[in-house]
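Written below as C-alpha cells is the structure these notes are about.
The values are calculated or read from the model by the stated rules, or taken from the named source; none is laboratory data. Predicted model only: the values in this text are computed from it and were never measured. As a convention, Cβ positions derive from the backbone with ideal geometry for all residues, glycine included, and neighbour counts pool all protein chains shown.
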Amino acid sequence: MSSGPASGLTDMETERVTASTTIEAAPEAVFAVLADPSAHADIDGTGWVRESTDGDRITAAGQVFRMAMYHENHPDKHYKIANLVEVFDEPRAIAWQPGTESPETGELSFGGWIWRYDLETTGPSRTTVTLTYDWSAVPPHVREYLQFPPFEQDHLDNSLKHLSDLVAGNTAP
C-alpha cells in the first residue's frame, strides 16, 4: 500500500491550512487508524505528540481523549492536552479541538483550533485524505501570545505521509 504525493493547499485568508494525499486503502482502514489515539504520536509530523494517556478509541462526537505532549517552547516542556471530538462521521470525517483540563476542577477549556480529516473514496480501495488545521475561532487574547499556524506546511504533509505508512502497515497481508 502506498501513498501518492501530498500536496499542500494553503488559504491563509480563511485562517486554515490544508493538505491532501491519496492512500491505497479503503476509507474504513484509514479511519480506523485516525480513531485510535495510540497511533497519533506516529502520525504527528512535528514530534510534539507523545502518547495517548487514556488509551480509549474514539467512538463518538462529544468524547474527550487525552494526549501527552512535548514542545520545547511550552512553559512546562512536557504537558497534557484534552481533545474534544467535534466530528465523528465514520468513515468520512473525524475532527477534534485540543484544549486543557484543570487538574483541580477537571474543567475543560479550548483555544479555538481544530484538527480535521476528511476521507473520500476515489477508487477501489483508494482514499483521498484531506487534513485541515483551522484556527479561525481562536480569540484575540490567545493570538496575542501564540502564532498561527504554529508549524510549517510540511507538518501537514509529513502527517499524511506517516498516516499512509501506518495504514499500509495495518493492511499488509
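Within region 39-58, track down each residue that is touching a strand residue (DSSP E or B) at 6+ places or on another chain (Cβ under 7 Å) and not small (Gly, Ala, Ser).
Matches in region 39-58: His40, Trp48, Val49, Arg50, Glu51, Thr53, Asp54, Asp56, Ile58.
It is to be established whether one or more residues within region 152-159 are closer than 19 Å to Val49 by Cβ and of a type in the set (Ser, Thr, Tyr).
Yes.
What number of residues in region 127-173 are surrounded by 16 or more Cβ atoms within 10 Å (Cβ to Cβ) and of a type in the set (D, E, K, R)?
Going through region 127-173 one residue at a time, the tally reaches 4.
One line per residue, one yes/no per condition, for (1) touching an Asp or Glu at 6+ places or on another chain (Cβ under 7 Å); (2) closer than 22 Å to Val30 by Cβ; (3) of a type in the set (Asp, Glu); (4) at pLDDT 95 or above:
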{"position": "Thr59", "(1), (2), (3), (4)": "no, yes, no, yes"}
{"position": "Arg66", "(1), (2), (3), (4)": "yes, no, no, no"}
{"position": "Pro75", "(1), (2), (3), (4)": "no, no, no, no"}
{"position": "Glu104", "(1), (2), (3), (4)": "no, no, yes, no"}
{"position": "Ile114", "(1), (2), (3), (4)": "yes, yes, no, yes"}
{"position": "Arg143", "(1), (2), (3), (4)": "no, no, no, no"}
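Residues in region 1-23 that are out of contact with any helix residue (DSSP H, G or I) (no Cβ under 6 Å at 6 or more places or on another chain), modelled with pLDDT of 50 or more and either under 21 Å from Phe88 (Cβ atoms) or part of a loop (DSSP other than H, G, I, E, B) (or both): how many?
4
Hey, could you check region 24-38 for residues that are assigned to a helix (DSSP H, G or I) and out of contact with any Phe, Trp or Tyr (no Cβ under 7 Å at 6 or more places or on another chain) and say which is modelled with the lowest pLDDT?
Going through the qualifying residues, I end up with Ser38.
Of all residues in region 21-40, which are of a type outside the set (D, E, K, R) and free of Cβ contacts under 8 Å to residues at least 24 places away in the same chain?
The one that is of a type outside the set (D, E, K, R) and free of Cβ contacts under 8 Å to residues at least 24 places away in the same chain: Ser38.
Looking only at region 64-83, how many residues end up being loosely packed, with under 10 Cβ neighbours inside 10 Å and over 14 Å from Thr46 (Cα atoms)?
Of the residues in region 64-83, 2 are loosely packed, with under 10 Cβ neighbours inside 10 Å and over 14 Å from Thr46 (Cα atoms).
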